1. Exactly one of these conditions fails for residue 23: (1) open to solvent by less than 10 Å² (accessible area, probe 1.4 Å); (2) of a type outside the set (Lys, Arg); (3) over 19 Å from the mean Cα position of the chain (by Cα). Give me its number.
2. Of the conditions (1) under 21 Å from the mean Cα position of the chain (by Cα); (2) open to solvent by 30 Å² or more (accessible area, probe 1.4 Å), residue 55 clears all except one; give me its number.
3. Specify the residue that is most open to solvent (accessible area, probe 1.4 Å); the eligible residues are those in the stretch 99-135 that are of a type in the set (Ser, Thr, Tyr) and farther than 27 Å from residue 10 by Cα.
4. List the helices (runs of 4 or more DSSP H) inside the stretch 151-257, counting only whole elements, that have at least 1 residues being free of Cβ contacts under 8 Å to residues at least 24 places away in the same chain and open to solvent by less than 10 Å² (accessible area, probe 1.4 Å).
5. What single numbered condition from (1) buried (at least 19 other Cβ atoms within 10 Å of the Cβ); (2) in a helix (DSSP H, G or I) fails to hold for residue 30?
6. Name every residue in the stretch 1-18 that is closer than 17 Å to residue 116 by Cα and out of contact with any strand residue (DSSP E or B) (no Cβ under 7 Å at 6 or more places or on another chain), in order of residue number.
7. Any idea which of 50, 87 is touching a Lys or Arg at 6+ places or on another chain (Cβ under 9 Å), surrounded by fewer than 20 Cβ atoms within 10 Å (Cβ to Cβ) and either over 13 Å from residue 117 (Cα atoms) or touching a residue at least 12 places away in the same chain (Cβ under 8 Å) (or both)?
8. Can you tell me how many residues within the stretch 251-269 are within 13 Å of residue 208 (Cα to Cα) and in contact with a Leu (Cβ under 9 Å, 6 or more places away or on another chain)?
Amino acid sequence: MAVVERLTVAKAINNGLRRALETDPKVVLMGEDIGKLGGVFRVTEGLQKDFGAERVVDSPLAESGIVGTAIGMAMRGYRPVCEIQFDGFVFPAFDQITTQLAKMHYRSGGALTVPVVIRIPYGGGIGAVEHHSESPEALFAHTAGLRVVSPATPQDAYTMIQAAIASPDPVIFFEPKGRYWEKGDVDLTAGPDDDAVAGLGLARTVRTGQDVTIAAYGPTVATALKAAETAATEGTSVEVIDLRSISPLDSATVTASVRRTRRLVVVHEAPVFFGAGAELAARVTEECFYHLEAPVLRVGGFHTPYPVAKIEHDYLPGLDRVLDAVDRVLAH
């Protein structure tokens, strides 16, 4: 029987981590201030108290050391889950992630697996200072050997973190911190069976429509749904797809939708320039060229460093910018 509770995204991740710790004694959490404090966003609150300091480890302030240690532990049979405190802090660990973690399985001819999960709160909208509101997902998606995923709802936050930990592949788990406090129903009986792990890379249609497809992930799924609701009041039927995974990219779900709607808008907080939306736009153009009635449009951040908090909402792709893109693809 399903056990459903209404939880925030942050609490859903906490519950998912708790279940993973209970299920597998080889799961170990590591990160700065994740133990007694429970993390900056309190995502790991209470876990050290219940599972001990040897399984919920307060690490030194050394991101490269955290990930390097996790790689060694994974090679010895553990399943480490690293927390990077803020998105902009991941770059000291970038070398470990891209030259070691991503390549170890390939380099060993498949003999070694490194089931490391790296949790990264990412994105803007919280009024933070510099280096605390980055969206670096495209950098990791460009690196072969990494899964790169981002949940948009409490239910996905709960199930996807468990599936990520159960996956034999290294997973970069981007958590939309601007949505941490949004609530939704969560089925706490949902676990990481084989289907859930296999489905970690699959997109999901969260609203059906006939006129335009909007593809989004993480923090912008809610924006896309709001745009669809607003467009419906004006007689436009918008289909919304939550990509959920950036690498691998489930372009098949998107192309199937675009063959019906004949129009696509891709939305993400990261800069449009060389962003994940560019890859999706290229794939859809290649596979749906004779179905498209308008160019694929992308809505996202600008090709600048993330701005100061006072103007971040001008930088982020809000409702008006998404609706403007919908109007432009319908004008063709």
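The values are calculated or read from the model by the stated rules, or taken from the named source; none is laboratory data. Only a predicted model underlies this, so the values are computations on that prediction, with no experimental measurement involved. Ideal geometry is used to build each Cβ from the backbone, glycine not excepted, and the neighbour counts take in all protein chains shown. Just so you know, the surface numbers come from the protein's heavy atoms only, side chains and all, with ligands and any DNA or RNA stripped out. Shrake-Rupley method; radii C 1.70, N 1.55, O 1.52, S 1.80 Å.
1. (1)
2. Every condition holds for residue 55 apart from (1).
3. First pass over the stretch 99-135, keeping only residues of a type in the set (Ser, Thr, Tyr): 99, 106, 108, 113, 122, 133, 135.
So of that shortlist, the ones also farther than 27 Å from residue 10 by Cα come out as 99, 106, 108, 113.
Values: 99: 48, 106: 197, 108: 37, 113: 64 Å².
Looking at residues that are of a type in the set (Ser, Thr, Tyr) and farther than 27 Å from residue 10 by Cα, I get 106.
4. On the way: elements: 154-166, 194-198, 220-232.
Once the helices (runs of 4 or more DSSP H) in the stretch 151-257 are filtered for at least 1 residues that are free of Cβ contacts under 8 Å to residues at least 24 places away in the same chain and open to solvent by less than 10 Å² (accessible area, probe 1.4 Å), what remains is 220-232.
5. (2)
6. So in the stretch 1-18, the residues closer than 17 Å to residue 116 by Cα come out as 13, 16-18.
Result: 16, 18.
7. Details: 87 fails: surrounded by fewer than 20 Cβ atoms within 10 Å (Cβ to Cβ).
Testing whether each residue is touching a Lys or Arg at 6+ places or on another chain (Cβ under 9 Å), surrounded by fewer than 20 Cβ atoms within 10 Å (Cβ to Cβ) and either over 13 Å from residue 117 (Cα atoms) or touching a residue at least 12 places away in the same chain (Cβ under 8 Å) (or both) leaves just 50.
8. Initially, the stretch 251-269 is screened for residues within 13 Å of residue 208 (Cα to Cα), giving 253-254, 256-258, 260-261.
Next, from what is left, pick out any that are in contact with a Leu (Cβ under 9 Å, 6 or more places away or on another chain): 253-254, 257-258.
The number of residues fulfilling the criteria is 4.
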